[in-house]
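Read the structure below first, then the notes.
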Amino acid sequence: MLFADTVVPDPAVHKPKVMAIMVAVGFVLFSLMGLNDTIFGEFMRPVIGEPKESGLFGNLATGLVISIIFTINVVLIGFLPFRAQVFVVWIELLALFLAFFYSFGLDFTFIRSKVWFMISQGVFTTLYISAISIILASIVAIFGAVAKLSSNGFANAIATFYTSFFRGLPLLMQVYLIYLGLPQLGYVIDAVPAGILALTLCYGAYMTEIFRAGIQSINKGQWEASRAMGFKFGLTMRRIILPQAMPLIIPPTGNQFIAMLKDSSLVSVIGVWELMFLARTLGNKDFKHMEMLITAAMIYWCLTMVLEVIQSRIERHYRTVSH
Amino acid sequence: MKLSRRIFTLATTAVLALSTSVAFAGEALDRVMAAGSLKVATDANWAPQSFINDDNKMDGFDVDVAREVAKRLGVEVEFVTPSWDIITAGRWNGRWDLSIGSMTPTKSRAKVLSFPAVYYYTPASVAVHKDSPYKTLAELNGAKIGASTASTFELYLQHDLTIDAEGVPAFEYQLTTDQRKSYKDGTAAMDDLRLGDGVRINAMVGSLPAIQAGIKSNYPLRVLGDPVFYEPLALAIDKGDTEFNDKLAGIVGDMKSDGTLTALSIKWYGIDYTISN
Amino acid sequence: MSEPIIQMIGVNKWYGDFKALTDIDFTVNKGDKIVVCGPSGSGKSTMIRTLNWLEAHQEGKIIVNGHEMHAKMKNVDAVRMDVGMVFQHFNLFPHMTVLENLKAGPMWVRGVKEDAAHKTAMKFLDRVRIPEQADKYPGQLSGGQQQRVAIARSLCMQPKVMLFDEPTSALDPEMVAEVLDTMIELANDGMTMVCVTHEMGFAKAVADRVVFMDEGKIIEENDPHSFFDNPQNPRTQNFLSQILQH
């Protein structure tokens, strides 16, 4: 939360002017949407008659009722304490979202028949590709960061060239370059290693900056104390600096992992059967791509939510350790 | 200094040896026979030719043809699913041995790939939205027309299609438009067309069997006019292995003459597409 | 009898255009306890930091334990192991317990076995009188305790000479005494020491010599009795009158 003031003003939504504006804007918007041929129209049947024939009047009436319900809902939520507010708004948004997907008329039997394969094959592949890549990227990043901070011109040039190049190209292009380009040099690599290599190099370049910042954040007194005791560079880095930089490095690395989980979908172009690939292909025969895309979207979302919970725990853990 | 130069020379030689090794005659066939397995590249997004079936396995006409080819070679079959543009780009470097992916042997593709045999022909047709007013192809001139990218259908729209295979009837360009739209695959074009006439596109060019499969799955589309061209569809291999080429040509010839291909065509399309007319 | 362990001969040092040290001649013999004082910015910290070459000098010679310190030297780590250093801000390793801080040096660079390192560590923790804090992290200790751990950490390396760079300036006043007591005990045990400090009581109690620096030069060097009672240079007189006034 932002730094809260000690003086608490009334919630904006409890001001009559704001309420009136909400009703008015809602009325216009909901009327324009023409909701009388939806489930809302059905509820309005006693007032507007047959929804399909109610025309402009039906739309206006439905719009007014919905905007009033909406405003009352908002005003009521305004009375709740903070946590309850968050909870209720979350639930309402989620319900709206599900209703939105439900309105597509999806074939749930089909989804049920495919979802297990999407998880066992797709999620598994997505996760292991991302996990291997993030580990390799961290190793690349350590070397990148040390090279970038080094006073050796070669190391510095190579590291800055590397980060500049891989941060400057779209990841999809890197996937293609590695998959199609490396064989021209005589190294034929399969789709999965090519994907891992591309993700590693790209994320390694971004994470080089994270590691660099982490290493630089350590007080120079730590270097002096180590040096005064006769520790060499590698020892100081390994045992003194990196362990202290980890609390600063791990939380953003977790964020990178969550981002990578989604970016790993790009390796589907080279034929890796991960989640995105399956989302695009499983529904193909029966023309059920919408089903598969939405299922995959939900799976991605759930995955990232789980990972975000883990991430916030990691962050909390390191926050308590470092202070 | 001397040592490092020597290492450099060694490394360069190794790289050159590896990169040229692809071109040796008989190499692909030897590799297949030695491994006892034929790696076939095919699109997983191209029902009913090739797709992932209810058991989550590769299935379809192309897949059945590939299984039969492997059987006659006396080896196992294995499928890989790189995207279409990667398959057609050639230079596979031994990642896979063969493409059985309903590929049209165009002149530009022949620069990087060899086509051992044409195994069937599909009519390419134009589809429009069910509720659209079009009655003839000529009415679509200047309209927004979609096709999958790097496909013969797109080349047809670009008036740049040269088909160089036996038994293909001549065709002429019946559509002229500047407003072409490229799609990842044919299904994506159908998905845009189903939204309504002109919402995103007015028409699409695609393979007739695929369009018909879509219509069967309640896509609000209809086929407009007769097929615009027949595309011969061939097996493709990387350039340079004539033995493999001849072997595959022989196998497909046998499959044609003993009726295997016809049977597979009728199984998947209900029509014998192995002859063009 | 007088066996030099550190020698500075005609040392000059610049930070860019700023001249930090000018013509420093300075010798530390085995067993010497030397206090270096002077106004802030006088170069006293810079001087003590050139002794184990945390800072480089540009002209003159610095010889430590028989090795000349210069940019191309091969065995700088070996020389540094023999020179203990205590910093103003302690610079303990915060991710390691007190005991681990003490064992790290001997085990990692001296090649001492864990058992022996543990024994040595506990011995010196006893000596700085905080054995009960062995398993705590530095962040859980008071400033005075941390500085005593830092002293013990240096001692664990069995140094031939100890450098103290303003060891009490970052401490709350009530903690200064406990650190000074530790240092006095160390001096009484015969440790060779060079201390940059403003604690004149400490200087009077243990120093063999007091060095006064100003503007990067050594202005006056004398035994404490003469230094405090009979300063020769007007700048020394001025400095002493300022810090002894209150």
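Every number here is computed from the coordinates shown, using simple stated rules; none is lab data. None of these values were measured; they are calculated from a predicted model. As a convention, Cβ positions derive from the backbone with ideal geometry for all residues, glycine included, and neighbour counts pool all protein chains shown.
Pairs to check: A:114/B:130; B:71/B:107; A:288/B:247; A:114/B:216; C:160/C:204. Give those whose C-alpha atoms are more than 32 Å from each other in this structure. Write out the running numbers ahead of the final one.
Working: A:114/B:130 30 Å; B:71/B:107 30 Å; A:288/B:247 39 Å; A:114/B:216 21 Å; C:160/C:204 23 Å.
Among A:114/B:130; B:71/B:107; A:288/B:247; A:114/B:216; C:160/C:204, the Cα-Cα distance tops 32 Å for A:288/B:247.
Computed over Cα pairs, the Kirkwood radius of chain B leads via Stokes-Einstein (0.692 mPa s, 37 °C) to a diffusion coefficient of 164 µm² per second. Considering only DSSP beta bridges whose two residues both sit in the range B:121-231, what percent are antiparallel, to the nearest 5? Within the range B:121-231, antiparallel bridges account for around 65 percent of the total. Using only alpha carbons, the protein assembly as shown has a radius of gyration to Kirkwood radius ratio (Rg to Rh) of 1.15.
Taking Cα atoms only, the orientation of helix A:55-79 departs from the longest principal axis of chain A by about 60 degrees.
Of the complete DSSP H runs in chain B, those spanning 20 angstrom or more by Cα along the long axis with a mean Kyte-Doolittle score not below 0.5 are B:2-20.
Once the Cα atoms are used to define both axes, helix A:289-322 deviates from the longest principal axis of chain A by about 60 degrees.
When Rg and the Kirkwood Rh are both derived from Cα coordinates, the Rg/Rh ratio for chain A amounts to 1.11.
Based on Cα atoms of the range C:56-121, Rg over Rh with Rh as the Kirkwood radius reads 1.06.
With viscosity set to 1.567 mPa s at 4 °C, what whole-number translational diffusion coefficient in µm²/s follows for chain C from Stokes-Einstein and a Kirkwood radius over Cα pairs?
Values: Rh = 18.6 Å.
Approximately 70 µm²/s, per Stokes-Einstein.
Note on the range A:201-291: Cα convex hull, mean projected area over all directions, 7.8 nm².
When the chain is fully extended, how far beyond the present Cα-Cα distance does residue B:71 get from residue B:141, taking 0.36 nm per residue of separation? Mind showing how you got there, number by number?
Numbers: separation 70, 0.36 × 70 = 25.20 nm, distance 4.71 nm.
So the extension gain works out to 20.5 nm.
Against chain C, whose longest principal axis comes from its Cα atoms, helix C:173-188 is set at around 90 degrees. Counting beta carbons within 10 Å around each of C:115, C:17, C:32, B:241 and listing the fewest first gives the order C:17, C:115, C:32, B:241.
For chain B, adding -39500 (n - 2.57) for each run of n ≥ 4 DSSP H residues and dividing by the number of residues yields -10500 deg cm²/dmol at 222 nm. Under Stokes-Einstein, with the Kirkwood radius over Cα pairs as Rh, the value for the range B:121-231 at 20 °C and 1.002 mPa s is 157 µm²/s.
Looking at chain B, the DSSP beta bridges with both ends there are about 65 percent antiparallel.
Taking N as the residue count of the range A:68-227, its C-alpha radius of gyration divided by 2.2 N^0.38 Å amounts to 1.61. When only Cα pairs below 8 angstrom with a gap of at least 6 residues are kept, chain C shows a relative contact order of 26 percent.
Each part reduced to its alpha carbon centroid, the range B:146-221 and the range A:63-131 end up 37 Å apart.
Amide H to amide H, with H built 1.01 Å from N, residue B:229 comes under 5 Å of B:124, counting only residues 5 or more places away or on other chains.
Take the Cα of residue A:151, step 7 Å toward its Cβ, do the same at residue A:88, and the gap between the two points is 6.4 nm.
In whole angstrom, note down how far apart the Cα centers of the range C:153-188 and the range A:283-322 are. First find each Cα centre; the distance between them is then 55 Å. Under 5 Å between amide hydrogens, built in the peptide plane, is the criterion, and for residue B:224 it picks out B:126, B:127, B:128 among residues at least 5 positions away or on other chains.
Could you work out, residue by residue across A:183-193, how many beta carbons of other chains sit within 10 Å of that residue's beta carbon, and then give the average as an integer? It would help to have the intermediate numbers written out before the result.
Working: counts 8, 3, 3, 10, 4, 8, 2, 2, 5, 0, 0.
Across the residues of A:183-193, the mean count of other-chain Cβ atoms within 10 Å is 4.
How high is the relative contact order of the range B:121-231, in percent, counting Cα pairs under 8 Å that sit 6 or more residues apart? Kindly include the intermediate steps, with their values, before the conclusion.
Details: 219 pairs, mean separation 56.0, N = 111.
Relative CO of the range B:121-231 lands at 50 percent.
Ordered by the count of other Cβ atoms within 10 Å of each Cβ, fewest first, B:121, A:162, A:318 give A:318, A:162, B:121.
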